[in-house]
Amino acid sequence: MIRFWSLIILVLFGLLLSGNLVSLYTDWLWFQEVGQLPVYMITLGAEFKTGLAFGLLFFVVFYLNLSWAHRYRDAGRWDRTQQWLDLPFRTQLDPQITKLIPALSAVVAFLAGLNGASQWEKFLRMMNASGFGLSDPVFGNDFGFYVFKLPFINFVQGGLMGMLILISLFTAFLYVYHGGLGVGPKGFFIDAGPKRHLTGLIGLILAVKAAGYRLSAYELLFTTRGVVTGAVYADLHARIPALNLLAVLSLLAATAVIAGGYRRGWRLPLTAVAALAAVHILGGSVYPDFLHRFRVLPNEIVFERPYIQENIKATRYAYGLNNIEEQEFPAEENLTIQDLAKNDLTLKNVRLWDHRPLLSTYRQLQQIRTYYDFVGVDNDRYEIDGEYRQVMLSPRELSSRNLPGGANWINEHLTYTHGYGVAMGPVNRISKEGLPEFMIKDIPPVSTVNLKITRPEIYYGELTNSDVFVKTKSLEFDYPLGDKNEYSVYNGKGGVPVGSLFRKLMLSVQFASIKILLSNDITAESRVLYYRNIIDRVRRLAPFLDYDQDPYLVITKEGRLVWIVDGYTTTDRIPYSHQLKDVGNYIRNSVKGVIDAYDGTVTLYINDPDDPIIRTYDTIFPGLLKPLDRMPADLRSHLRYPEDLFRVQAHLYAKYHMQDPQIFYNQEDLWNIPSKGDQNMEPYYTIMKLPKETKEEFILMVPYTPAKRDNMAAWMAARADAPHYGKLIVYLFPKQKLIYGPRQIEARIDQDGYISQQITLWSQRGSKVIRGSLLVIPIENSLLYIEPLYLSAEAGSLPELRRVVVAYGNQLSMQDNLEGALAAIFGGHPLTVSKPEAAGAAPAAGGSRDRIHSALSHFERAQELLRQGDWAGYGKELKETETILRELAREGK
């Protein structure tokens, strides 16, 4: 009988593991398509092993205990139970219960197997654990124990506890049914056999609970009830000793309860359980709270100092803050036009176009057709005609909600299958109309620079959520061309071949559409592309990673479009590390994912080989993750420091830059990220020359202000170019000097009579003024503040960049463009002309007259270069002008 029901369990559980056989089959086809079938088989194998183990354990324990209880007989008490519960004759019920026991055991085992299978990842992590090389200060365990092993141990302990409690309830019910347990005329009664059985089960529950108490002591390393995350004074001096005592008492109670099953009366087991309950209440809550309130709180910093130090140390490690370099930044106000000329490339890459207004403008100018859409705008950098330039790039994706003729099945799955091309432009160039300039635009893509797109089709993207069939008999739309459409045939290697009728049937069931099976357009040579959303695609391949919400598109040197997405390893099991909602208390950008927009090829590269978590997964799934040096060089040059990670690190460093426990406890040097309205200032990418560096590089940066104050305290930069990729630097401002913060600059702009008057005037003409992000741009040892102003019609959504505000020191200027605003502050004013010569004065010498004309020529050339944004040339011509005028001045003395 047991063998029969075990077989039934295996069959049912096999069906459960697949969810349904069709999904199991189509997922198998998909993993085969992406070349990672071993990943799928390893996952299924782990699910089967853990599910089978838990299912069999529950089945055997349930079946044996219930069968044993069902064998008990007491005819006299059965008659009274029958009358009390109004049950049928025993001869009728017993055979049914005998049949029900294996069925009930099978159902419980099935549910337990389901729960066990869901823990496959914890099981594999435990079996392939890596060491961190760091130990907790309380128990001396390597962090790897808490990250990889403890979660599965906790699950097993909880599962055993639940199993024993459930078995005890069902067993007690059977003994009540058979009359071995119940309430009679003299009160509660229990026979010897049922008593020994039930006390044995209760003893096992208490033994498993003893293990739970020990595990609870480990959990104190992650508690947030104290002054910092982790075990604090009251935990170490009250709760942990109490939990250790409870573990011992629980084992003693288990022994007493089991022994009580063989003795008359209940005094021994009840006494043991009562003592356990009393210690649980007093030691687990009352005494620790008393200790904290009356001993710790009056002098908290003295008692909690070592634990604050551990929290600082663990948090800085867990979030990658311990390797941040700090440098002094003098924030001088001696910037000259020559300094601007030396930092010409930095000024050319100041991002004047904010993402939101630019996205709206791209939609108006480059959407081309209603069924295309731009989801977001990404920052990146390219060598453009020999110059390092920051650009804004947005892919033109297909929006299935706006298809012509409606989203019918043929349109959505056979005809309109992909987006097409990109819109790309420099971050700081504007046309005379205040609109962005384009380097790449239109359909087919037209490029005015040395970047060419040879494969503009986007089959895999951020908007692509539906499955599509390619290489069908139906015409596949490629792109619009005037009044007609161009059609194409998919030539990529992506997608699953439809092949046989059986596979076509399976696909029809999977995608819940009978049209797939009945369509004559879908042939054996057709291919189906599914899991096309790039985040869903990489998550299905590597579900153990968290993913950045801003994947970005790159144009390769071959002209293909490729997505890059950042993958994070996270955990909430680092002792003493600060907990963040939706993150945990540890994060690393350990993986860079690359997805080809045309054929869907997914390649995952290890970005942080020192991360123990990614080393564990690399062991679990050999061949899934590749070394970063195998990534093509042109893709490596486009790796960005991820903004989500930087935002987390910047937020925490505002507090955890304080490493002295006393200062940390009093929050004496707390920083804030400046806010604009109700939102914190967003980090921004830029190309600039960092202090003490000789070359411009692509960085991500954000400023800091002191808590409850608006002046600047520091700024953080994340370097994204090789060989310094991933390095974080914080530049500290002098504390004895006032450095304007973003809110103070915003206030100065608001208080400027001319600027506020213009903004008010524009806002009264059926238009609205959109104030862009205020950018803080370090130049040499000084700071420039730059804010773009956009004008948009109230009834439309085509923002135009109309003005640029620049602030430096106490100077403020608003001009049509960045060049004009900088010239107004740093010396682009017209040259003062001298008065006419008096009568009889000697005419100027011919040589002097020539040099005057030469100076004027140099000056006019400088103004032309200024309008073109050529700061290097502008500075050079201005220097020539200065040299000539100084010579003339010396001759005139």
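The values are calculated or read from the model by the stated rules, or taken from the named source; none is laboratory data. For clarity, every value in this text was computed on a predicted model and none was experimentally measured. Every residue, glycine as well, gets a Cβ built from its backbone with ideal geometry; the counts of neighbours run over all protein chains shown. These area figures cover heavy atoms from the full protein model, side chains too; ligands, DNA and RNA do not enter into them. Shrake-Rupley method; radii C 1.70, N 1.55, O 1.52, S 1.80 Å.
Quick look at the numbers
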| read-out | value |
| --- | --- |
| Positions within region 645-662 being open to solvent by 60 Å² or more (accessible area, probe 1.4 Å) and either touching a Cys at 6+ places or on another chain (Cβ under 9 Å) or outside any loop (DSSP other than H, G, I, E, B) (or both), in sequence order | Arg647, His651, Lys655, Gln662 |
| Scan of region 469-515 for residues that are in contact with an Asp or Glu (Cβ under 8 Å, 6 or more places away or on another chain), within 14 Å of Thr26 (Cβ to Cβ) and of a type in the set (Val, Ile, Thr), ordered by number | Val496, Val498 |
| Any hit, region 623-633, residues being more than 21 Å from the chain's Cα centre (by Cα) and acidic (Asp, Glu) | yes |
| Residue among Asp582, Asp610, Asp618 that alone is open to solvent by 10 Å² or more (accessible area, probe 1.4 Å) and assigned to a helix (DSSP H, G or I) | Asp618 |
| Test result for Gly559, within 30 Å of Val422 (Cα to Cα) and crowded, with 18+ Cβ neighbours inside 10 Å | no |
| Whichever residue in region 346-356 is within 29 Å of the chain's Cα centre (by Cα) and open to solvent by 10 Å² or more (accessible area, probe 1.4 Å) and, among such residues, is farthest from Leu775 (Cα to Cα) | Arg356 |
| Single match in Gly265, Gly283 (criterion: part of a helix (DSSP H, G or I), of a type outside the set (S, T, N, Q) and at pLDDT below 90) | Gly283 |
| Near pairs, Cβ below 9 angstrom, 6+ apart or cross-chain, from region 634-648 (of a type outside the set (D, E, K, R)) to any residue that is part of a helix (DSSP H, G or I) | Leu639/Leu628 |
| Residue that is farthest from Pro691 (Cα to Cα), among those in region 731-763 that are in contact (Cβ under 8 Å) with a residue 40 or more places away in the chain and open to solvent by 70 Å² or more (accessible area, probe 1.4 Å) | Tyr754 |
| Test: residue in region 335-345 that is open to solvent by less than 30 Å² (accessible area, probe 1.4 Å), closer than 30 Å to Gly482 by Cα and part of a loop (DSSP other than H, G, I, E, B) | no |
| Every residue from region 589-607 that is open to solvent by 20 Å² or more (accessible area, probe 1.4 Å) and within 23 Å of Leu321 (Cβ to Cβ) | Ile606, Asn607 |
| Residue in region 664-674 that is in a helix (DSSP H, G or I) and either more than 24 Å from Ile312 (Cβ to Cβ) or open to solvent by less than 60 Å² (accessible area, probe 1.4 Å) (or both) present | yes |
| Members of region 438-496 found to be charged (D, E, K, R), in a loop (DSSP other than H, G, I, E, B) and farther than 18 Å from Gly559 by Cβ, listed by number | Glu462, Asp467, Lys471, Lys473, Asp483 |
| Every residue from region 690-705 that is more than 16 Å from Arg351 (Cβ to Cβ), in contact (Cβ under 8 Å) with a residue 24 or more places away in the chain and either in contact with a Cys (Cβ under 9 Å, 6 or more places away or on another chain) or in a loop (DSSP other than H, G, I, E, B) (or both) | Leu690, Pro691, Lys692 |
| Residue in region 309-319 that is surrounded by fewer than 18 Cβ atoms within 10 Å (Cβ to Cβ) and either of a type in the set (S, T, N, Q) or touching a Gly at 6+ places or on another chain (Cβ under 7 Å) (or both) present | yes |
| Matching residues, region 329-387, being farther than 24 Å from Ser637 by Cβ and among the acidic types (Asp, Glu) | Glu332, Glu333, Asp339, Asp354, Asp373 |
| Options Asp546, Asp478: the member that is open to solvent by 60 Å² or more (accessible area, probe 1.4 Å) and either closer than 21 Å to Val565 by Cα or not aliphatic (A, V, I, L, M) (or both) | Asp546 |
| Number of the exception - Leu249 against (1) at pLDDT below 90; (2) buried (at least 21 other Cβ atoms within 10 Å of the Cβ); (3) not hydroxyl-bearing (Ser, Thr, Tyr) | (1) |
| Residues of region 405-437 satisfying the condition of being part of a loop (DSSP other than H, G, I, E, B), among the small types (Gly, Ala, Ser) and touching a Ser or Thr at 6+ places or on another chain (Cβ under 7 Å) | Ala407 |
| Residues being open to solvent by 20 Å² or more (accessible area, probe 1.4 Å) and outside any strand (DSSP E or B) - total across region 675-689 | 5 |
| Test: residue in region 706-728 that is within 16 Å of Arg640 (Cβ to Cβ), in contact with a His (Cβ under 8 Å, 6 or more places away or on another chain) and not in a loop (DSSP other than H, G, I, E, B) | no |
| Looking only at region 384-441, and only at residues there that are open to solvent by 10 Å² or more (accessible area, probe 1.4 Å) and among the hydroxyl-bearing types (Ser, Thr, Tyr), the one that is farthest from Tyr684 (Cα to Cα) | Thr415 |
| Val107 over 24 Å from the mean Cα position of the chain (by Cα), more than 26 Å from Glu310 (Cβ to Cβ) and either in contact (Cβ under 8 Å) with a residue 24 or more places away in the chain or not in a loop (DSSP other than H, G, I, E, B) (or both) | yes |
| Restricting region 764-787 to residues that are farther than 19 Å from Asp710 by Cβ and part of a loop (DSSP other than H, G, I, E, B), the residue that is least open to solvent (accessible area, probe 1.4 Å) | Gly772 |
